[in-house]
1. Computed FRET efficiency, Cβ-Cβ of A267 and R791, R0 30 Å: what is it to the nearest 0.05?
2. Dividing the Cα radius of gyration by the Kirkwood radius, what Rg/Rh value follows for the chain?
3. Taking 0.36 nm per residue of separation and subtracting the Cα-Cα distance, what length does fully extending R932 through E435 add?
4. Normalised by the number of residues in the chain, what is the relative contact order in percent for Cα pairs under 8 Å and 6+ residues apart?
5. Counting each DSSP H run of 4 or more residues in the chain as -39500 (n - 2.57), what helix-only mean residue ellipticity at 222 nm follows after dividing by all residues, to the nearest 500 deg cm²/dmol?
6. Can you sort E709, E99, E125 by how many other beta carbons sit within 10 Å, fewest first?
7. Given labels modelled 7 Å from the Cα in the Cβ direction, how far is it in nm from D538 to R765?
8. Within 10 Å, count the other beta carbons around each residue, average over each peptide in 604-611, 1033-1040, and list them highest first.
Amino acid sequence: MPRPERELDPQADPLHGFAHELRELRREAGEPGYRELADRTRFSASALAAAARGERLPSLQVTLAYVDACGGDRDAWKRRWEDLRRLLTEETSDAPDAEPPYLGLSRYEAGDAGRFFGRDALVDEIVARTRRDRFVAVFGPSGSGKSSLLRAGVVPRLGLDATVVTPGEHGTPPPDAELLVVDQFEEVFTLRPDAADRHAFIDAVLARRGRTVIAVRADFYGRCAEHPELVAALRDAGVLVGSMRGEELREAIVKPAAAEGLVLEPALMARVIQDAGTEPGALPLVSHAMLETWRRRRGKTLTLAGYEAAGGVHGAIADTAEDIYQRLSGPDRRAVRRLMTRLVTVGDTAPELSARRPVGRAELDGALRCGALVERLARARLVTLHGDEVEIAHEALIRTWPRLREWLARDREGLRLHARLAAAAAEWDAIGRDEGSLYQGPRLTMAAEWAETHGEDLGPLERDFLDASSAAHRRRTAAAERRTRVLQGLVSALSVLLLVAVASGGLALSERAEADEQRRLARSRQLAAEAVARLPTDVSGAARSAAEAYRTAPTLDARSAVLSIAARRPYQARLTGHAGMVKAVAIRPDGAELATGGQDGTVILWDGRARTETGRLRPDGGAVRALEYSPDGALLAAADLAGGVTLWRASDKARVARLQTKGVLDGLAFSPDGRLVAASGAAKKTVVWETSTGRKVDELGGYGGKMTEVAFAPDGRRLAIADKSGRVALWTPRTGDGEPEPAEAEMLNVSDAPLYAVAFSPDGRRLAAAGEDSEVHLWDLPGRRPLKPKRRLAHAAPVRALAFTDGGRTLISAGYDRVAKLWDTGSQTAVTELTGHTSGLYDVAAAPDGGLIATAAADQSALIRDRRTMPYTGHTGWVNAVSLVEGGRAAVSADQDGAVRWWDTRDHRPADAPATGGKGGLGAMDTAASGRTVATGGDDGTIRIWQDRRLAATLEGHTQGVRSIAFAPDGRTLAAADHSGAVIWWDLAARRPVATLKRGRPLVGDVAFSPDGRTLVTGGDDRALTFWDLGARRPVARVTGHAGDVEEIDFSPDGRLLASGGGDGRVLLWDARSRRRTGVLAGHTAEIRAIEFGASGDRLASASLDRSVVVWDVPGRTRWATLTGHTDLVLGLSFGRDGRTLLSSSGDQTITAWDLAPDRAAASLRTLSR
């Protein structure tokens, strides 16, 4: 039966209207079928059907044939066709100066309201809330369109006298505006480092009597919790901006063009929506792609060809930049390089830390003399001009333009050196060009060497600073020489000459050695930067560069790189050797062998431990599409392009059988006992064979299709077959002679889109299926019902493979979006993503114990992940705290979802099912010295005591959520602070308070006992540390020094030092006895959320919202290593007893184990790089 035609909107554009009228003509003629129309004409049925599809203008001959067959007016339709063709192809007379309907990377302002579409529902919601409430907060990821939504959508709709400000540009928000819109509210945290200034701005916003709307980047939501009044204001005030989807995105693309009398080819519309996916950050990329498509329009039509020529959503910005670059002269190209690299803040080591940097026009004009070039880039909307500042239009340009990324990677160390030079020169100028702040020694040597080859990159101020530094160096040298001449008069001439000669020779040798040393250090830093830049997709290359960097010189950057890559590499091995796409991967149950199957028609066997190739097998049917080991590991099966299944004996690789059916095979599965093997594929037929004899025992037709998989249930009786109809067929095949004819397959209506992958949970109670709709569907089989997760289990592209592991607690999905995702099946939420592939994934396999995960992809490789060296995964929310316990054999952690988990540190796996730590999130946790007792506290205000992993007691008395907990050294008491400002000292045996030390302001961020148990120290939003005498139960001292709230405190093991950190991003060291500050450790760019001394007291670790962990050398007061790899803020830290193991927990839902032995880490990377 033919499928019904897709509905058309005749008002959408003239092309749809024309197709709609053709359909109406056919309907009036009695709606003859297209085959019948084809019999009346000389054109095929498909050509006639395409004429009425509305995707493109049909030829005049096809149109008139369609009209003749339906009895229409030939002349009238010819005129109608010519009018439409003229409309679609006529050249616009104002083409050179026409106003584009899209703004590209620029945001929409109030004046652009007439071309702002697609956000009606959100605008209505925000407008209604603003009219009802005094304060509204709009949250959304970068690139989700928050600024445009407020400026072009909400402000014009409200019709109030609105003032739009950003925290970075305005000192104090205007108090009397009828409507205040604070855009880019996150600048409060990024551009106002002074905590007092930050709090003053927030207080001024909240104190206004008028209506206020703020727009906040979603990843700064946690930072908003730093301000208690802001927390209160945000309750029930938030509106979340997600990605545009479906009709919203269609409106945003079509309606601006329609308003200018333009039309879009339907194929273009479908392609843009597909390319945009569901990522919120894609919105500015879509706008820019459409702007470039408009510039390549054909008359009044925006075409798919024009879109593809522009590079599409992902390539348009880069293509625009590259096109402009290629049309520049040689000098202008060099100027663009200098300009663009100056507009980027280069990350310390990782390229993803690079960000836009606004630069004043005066600095650019002085340094680069490129005013005309800036204007040209601004017209192309690659940069934006805000008053006297120039800024890259969107960070997507940094991510997607290969040339800019190459510039940044090629001379990252030089760019960092230049940035430091610019900052030093600005500081020198700001303090009156004081000679004491000039460069000297190695810093001057390195800067001068760099300037010799980068002279044209220097601005006037930077050149003046270097010249002044060199002049001061010459003056110091001349003064030294004068002192030498005075000395000459005091000794004999011969002695003086001899001394001068020796001194000069020694000085020359010393300077040469120092220069060599500086070059060696610079080379080490450069290799370290290259290593981190290569890590996401080239682990072996990154390992090689990091190991070489550390071998060249154990610099801070090299040490940081080897430690970071060793702990956070995205995979442990990349298996290459196929001459094409790798379509299948399998792991032998004992983990001793792996197999990969490729488009090249070979099966490659790999040693499961050494990850080296051990042999090759070649089936007779061309490309290998699926691979499976039998459950006992005795057999290996491969399904191929020619419809065959080849069986080999795993022990000696002898071929056992060749089982043949028809069509391409993509589904392959052994029964749990290994007696049967089933295959399905393009012929929509599933066949079951007996493995011992090769005899076909049953088959089922009508289900499956190309790229669809099959799976045996754990009981061995049922088969699940993924079907192109979006359904799963459950079938019970016959397994022996004389069995009755089986019943028809039972169908589960899973999706409206084709399904590719299917998998049973180990207990057989759940079924997972996924496919073209990019979503993972879970079904409860006993109830025959779909499970409804709170959030879709979705990829950004179709899902090709599924695998359960961890006894069914974890489901792995692999998709064309180049990632594999791990899902917690209990909560049906995402646990983590596995990255590293550069193309879509075809298959995923997991060892039975879950210790090994392998993925196969179109990038001609398979990636191996060893869970023992991966970060700990299993949490479904921010991991707020972590601690090593039980002598380091285990770890315990608490998360924002209220779960407490214990881990086996040997294999990084959960030791038990998670325990529930109360309602709401758990923000506080501590462990007693014995390691057997754990205390947790969270949003419900209850403290729970866990003994030997079991809940032993609860302490109730806090009126608000618990913020910090600390055990006394003897483990008999603990102190806790809550969000009301109360600090309560608890007796654990009696389960009641010993004393309430304080209530109310200041709010306390952390509490810590001295090692002798006599003193408790608290720190909070008064930016001070308060020392409490527990015997007298009163404060005895208060010290200040932080520029922001105090969030973390820790004593050194010997009790001599106290470390504190918080909102100003610094760690302050205090003499615990005299309470005087003895050191400042500055290395973070955001608030510190955890501090931990190592066992010896010589190491201190700090964790921050900047996603990094810094390990400090306490005696030297210097940074020893910066550990990177977490993709979200770092919240918890715990040192092992040996001082070499450090755990960190993060908002990315993972826990990372860092081995702080750089020699060992470098050696492991050298092995990996081979």
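Only the coordinates and a few stated rules stand behind these numbers; no lab work does. Quick caveat, the model's predicted, so the values are computed rather than measured. Cβ sites come from the backbone with ideal geometry, for glycine too, and all protein chains shown count toward neighbours.
1. On the way: r = 32 Å, r/R0 = 1.05.
It comes out at approximately 0.40.
2. On the way: Rg = 34.0 Å, Rh = 34.0 Å.
Here Rg/Rh amounts to 1.00.
3. Numbers: separation 497, 0.36 × 497 = 178.92 nm, distance 5.87 nm.
Result: 173.0 nm gained on full extension.
4. Values: 2717 pairs, mean separation 65.2, N = 1170.
Relative contact order here is 6 percent.
5. Values: 28 runs with 344 residues, N = 1170.
So the calculated ellipticity at 222 nm is -9000 deg cm²/dmol.
6. Listed from fewest to most nearby Cβ atoms, that is E99, E125, E709.
7. For D538 paired with R765, the spin-label model returns 4.9 nm.
8. Details: 604-611: 16.4, 1033-1040: 13.0.
Per-residue Cβ counts within 10 Å, averaged per peptide and sorted highest first, yield 604-611, 1033-1040.
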